[in-house]
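The values are calculated or read from the model by the stated rules, or taken from the named source; none is laboratory data. The model shown is predicted, which means the values in this text are computed figures rather than measured ones. FYI the Cβ positions are ideal-geometry reconstructions off the backbone, even for glycines, and counts take in every protein chain you see. Keep in mind that these areas ignore ligands, DNA and RNA; they rest on the heavy atoms of the full protein, side chains included. Shrake-Rupley method; radii C 1.70, N 1.55, O 1.52, S 1.80 Å.
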Amino acid sequence: MLWGRCYEEEGVPPYWPWVQAIRSYIREKDPEELRSVMGAGAEHIAEIVADVRERLPGLRTPPQVEPDQARFRLFDSITSFLKNAAQDKPLMLVLDDLQWADRSSLLLLEFLAREIGSSQLFLIGAYRDAELSPEHPLAQSLDALDRRGLLRRVNLRGHTRNDVARFIEVTAGLSPPEELVEAVYTQTEGNPLFITEVIRLLMQEGDLTAGSGAGLETWIGRIPKGVRDVIGRRLNSLSDECNDILTIATVSGREFEPSLIAPLVENTSEDRLREVLQEAMAALLIEELPRGRYQFTHALVREKFAEEMSQTRKAGLHATIGETLEEIYGDDVEPHAAELAHHFREAQTAVGKEKLVHYSLLAGDRALASYGYEDALDYSERGLVARDIDLSGPEPANDEEAAALLFGLARAKSATGVGHQLSEAFSALSRAFEYYAGAGSVAQAVAAAEFPIAPPPYRISGVAQLMARALAMVPADSHEAGRLLSRYGGILGAADRDYEGAQQALGRAIAIARREWDVPLEVQTLTYAADVHARNLHWQDS
């Protein structure tokens with residue numbers, strides 16, 4: 001059984017529930033077995049699960065292809081891996097709290113559900129249906145699976161009276177009176193979370209043992225109606241120090257580390273902090289995780305603590321956490337860019353926008369590298385808005401950071417957009433290219449020009465012009481020229497029907513690819529050449 005859990009907080013990388021599940025599998029396997037199960041897809045899976053590259057050193061980096069192709073290869077690789085893993089022994093994969101899943105994770109879920117067929121892989125997704133509107137991404141994914149007959153819904157209803165009685169007996173270690181069972185059942189309607197919190201509250205306040213002989217109305221009077229009120233009453237019994245520390249911990253998210261919280265609490269060492277956390281654990285408000293971490297027992301518990309904090313204080317704490325994380329991560333901040341972008345976004349009023357922009361840029365690049373295009377789009381737009389840069393304006397970037405954000409926006413839009421959005425993607429790409437060309441940043445200009453964007457037909461001539469300018473910036477026989485010529489030849493054949501010019505460019509690209517032993521470039525160029533030839537024949541026939 002493999003588990004993956006989604007989190008409500010920002011700063012979680014794309015495909016996080018899948019990353020968790022795959023990690024738990026590969027940690028138990030020796031490298032040879034892992035290499036056999038993953039096969040050639042290991043290099044693609046390693047793009048989102050870094051542990052794969054650590055367990056299987058020597059994996060190459062996949063060649064750059066169009067975003068849709070790259071994501072398809074990732075999805076196909078993960079699907080093949082899970083089906084292979086389930087061949088010898090049935091495998092159950094559970095994805096929890098899907099109402100918080102990122103769009104990339106949901107797309108992978110749809111893909112896998114269509115492909116598992118008769119394999120021994122059992123896929124379960126859990127979610128709160130009360131939080132789903134028709135426009136919710138999960139609702140759209142579920143509808144898509146339902147239309148294909150791939151979905152079986154199992155509604156989890158509230159507990160019965162007998163269930164409630166048994167739960168109280170197991171939890172409190174006593175046989176509950178009928179009046180108590182009826183009161184809990186009536187007030188909670190059998191909701192498991194409500195029942196848990198009510199019983200914990202009554203145990204904490206000593207009412208379960210002190211209420212013998214009480215009537216139904218008396219029991220009902222002791223039980224708050226709303227789960228937030230129940231949690232609030234449980235918090236009232238904590239010490240002021242414990243309340244303050246847990247309120248601060250909410251800023252880190254559902255999970256938190258004492259080493260990160262200690263600097264935020266005045267005159268409190270990490271050892272003292274752990275002592276105070278024992279009080280919260282005894283009250284069943286938090287639980288200990290592996291490697292010295294903790295988490296709130298439920299998202300609503302965290303929310304109840306967070307309600308008590310002012311926005312000013314929250315911004316200051318986010319700033320301190322962000323700065324503390326920067327010190328902890330040192331030169332290795334890039335893998336944690338999404339987390340830092342989240343904290344500095346919440347800390348804008350305290351520290352300004354500079355770090356928000358910086359980490360949004362890094363997080364966007366990380367998301368693009370791991371095929372999390374929807375997340376990359378969010379980070380790019382967030383960074384540009386923070387810089388007061390028009391997302392769809394015509395003006396070129398005015399510095400390197402702005403150009404990088406626009407290039408990220410272009411790549412994300414080309415992967416997620418359709419129609420006019422593809423035109424917007426090319427516009428953003430052109431704005432970035434103009435800065436790179438003007439600044440003499442040849443490598444960045446070439447990267448922008450050769451990016452496999454798929455603009456609408458009326459933009460193709462503009463792509464050709466941009467590539468011609470990039471070709472003029474590099475030596476005519478260089479490897480960079482070969483990559484540009486390959487795509488340029490394909491564009492010439494599609495845009496201007498300049499088949500002679502296309503063939504010349506593609507011929508030069510093939511020669512360079514063979515000289516450099518660049519097989520992916522040669523295959524790509526031959527593909528373009530075949531397409532140009534087919535277009536030429538079609539044009540002659542018509």
Out of Ala214, Ala210, Ala172, which single residue is among the small types (Gly, Ala, Ser) and modelled with pLDDT of 80 or more? Ala172
Considering only residues of region 277-295 that are small (Gly, Ala, Ser) and out of contact with any Cys (no Cβ under 6 Å at 6 or more places or on another chain), which is modelled with the highest pLDDT? Ala282
Does Trp3 satisfy the condition of being part of a strand (DSSP E or B) and farther than 20 Å from Glu334 by Cβ? yes
Looking at Asp399, Asp375, Asp390 in this structure, which one is on the phi < 0 side of the Ramachandran plot, touching a Pro at 6+ places or on another chain (Cβ under 6 Å) and charged (D, E, K, R)? Asp375
Identify the single condition in (1) small (Gly, Ala, Ser); (2) within 22 Å of the chain's Cα centre (by Cα); (3) over 28 Å from Val198 (Cα atoms) that Ala299 does not satisfy, given that it satisfies every other one. (3)
Any chance region 120-133 includes a residue that's surrounded by 13 or more Cβ atoms within 10 Å (Cβ to Cβ), in a helix (DSSP H, G or I) and aliphatic (A, V, I, L, M)? no
Scan region 222-230 and tell me whether some residue there is in a helix (DSSP H, G or I), open to solvent by less than 20 Å² (accessible area, probe 1.4 Å), at pLDDT 80 or above and of a type in the set (A, V, I, L, M). no
Among the residues in region 447-466, are any part of a helix (DSSP H, G or I), open to solvent by less than 20 Å² (accessible area, probe 1.4 Å) and under 22 Å from Arg366 (Cβ atoms)? yes
Residues within region 233-245 that are open to solvent by 20 Å² or more (accessible area, probe 1.4 Å) and at pLDDT 85 or above, tallied: 5
Considering only residues of region 1-18 that are among the hydrophobic types (A, V, I, L, M, F, W, C) and touching a Pro at 6+ places or on another chain (Cβ under 9 Å), which is least open to solvent (accessible area, probe 1.4 Å)? Cys6
Residues that are at pLDDT 90 or above, farther than 15 Å from Phe75 by Cβ and open to solvent by 20 Å² or more (accessible area, probe 1.4 Å), drawn from region 92-118: Met92, Asp96, Asp97, Trp100
What pairs come out if I take residues in region 471-495 that are without any contact (Cβ under 8 Å) to a residue 40 or more places away in the chain and open to solvent by 20 Å² or more (accessible area, probe 1.4 Å) and pair them with residues that are part of a helix (DSSP H, G or I) and of a type in the set (Ser, Thr, Tyr) whose C-beta lies under 6 Å away, six or more apart or interchain? Ala495/Ser461
Scan region 496-509 for residues that are within 18 Å of Val523 (Cβ to Cβ), of a type outside the set (Lys, Arg) and in contact (Cβ under 8 Å) with a residue 24 or more places away in the chain and jot them down. Ala502, Gln503, Leu506, Ala509
Check Ala509, Ala502 and return the single one that is part of a helix (DSSP H, G or I), within 18 Å of Val65 (Cβ to Cβ), in contact with a helix residue (DSSP H, G or I) (Cβ under 9 Å, 6 or more places away or on another chain) and not polar (S, T, N, Q). Ala509
Just to check your reading of the model, which residue among Leu289, Leu273 is touching a helix residue (DSSP H, G or I) at 6+ places or on another chain (Cβ under 8 Å) and of a type in the set (A, V, I, L, M, F, W, C)? Leu273
Among Thr312, Thr324, the single one that is at pLDDT 90 or above, on the phi < 0 side of the Ramachandran plot, in a helix (DSSP H, G or I) and surrounded by fewer than 20 Cβ atoms within 10 Å (Cβ to Cβ) is Thr312
Positions within region 148-163 being touching a helix residue (DSSP H, G or I) at 6+ places or on another chain (Cβ under 9 Å) and touching a residue at least 24 places away in the same chain (Cβ under 8 Å), in sequence order: Arg148, Leu150, Leu151, Asn155, Gly158, His159, Thr160, Arg161, Asp163
Being closer than 15 Å to Ser104 by Cα and basic (Lys, Arg) is the filter here, so list the residues in region 63-84 that pass it. Arg71, Arg73
Sort out which residues of region 138-154 are of a type in the set (Gly, Ala, Ser) and in a helix (DSSP H, G or I), and write them in order of number. Ala139, Ser141, Ala144
Name every residue in region 155-175 that is open to solvent by less than 60 Å² (accessible area, probe 1.4 Å) and in a loop (DSSP other than H, G, I, E, B), in order of residue number. Gly158, Leu174
Restricting attention to region 182-200, and to residues there that are surrounded by fewer than 19 Cβ atoms within 10 Å (Cβ to Cβ) and under 34 Å from the mean Cα position of the chain (by Cα), which single residue is farthest from Arg302 (Cα to Cα)? Gly190
Odd one out for Ala283 among (1) surrounded by 15 or more Cβ atoms within 10 Å (Cβ to Cβ); (2) under 18 Å from Met309 (Cα atoms): (2)
Quick check: anything in region 246-264 open to solvent by 40 Å² or more (accessible area, probe 1.4 Å), in contact with a helix residue (DSSP H, G or I) (Cβ under 6 Å, 6 or more places away or on another chain), part of a helix (DSSP H, G or I) and at pLDDT 85 or above? no
Six or more apart or on different chains, Cβ under 7 Å: which pairs go from a residue in region 86-102 that's in contact (Cβ under 8 Å) with a residue 24 or more places away in the chain and of a type outside the set (S, T, N, Q) to one that's open to solvent by 50 Å² or more (accessible area, probe 1.4 Å) and part of a loop (DSSP other than H, G, I, E, B)? Could you list them? Ala86/Gln120; Pro90/Gln120; Leu91/Gln120; Met92/Met1; Val94/Met1; Asp97/Tyr127; Leu98/Tyr127; Trp100/Glu8
Which one of the conditions (1) among the hydrophobic types (A, V, I, L, M, F, W, C); (2) modelled with pLDDT under 95; (3) buried (at least 18 other Cβ atoms within 10 Å of the Cβ); (4) closer than 14 Å to Ser370 by Cα does Met38 fail to meet, given that it meets all the rest? (4)
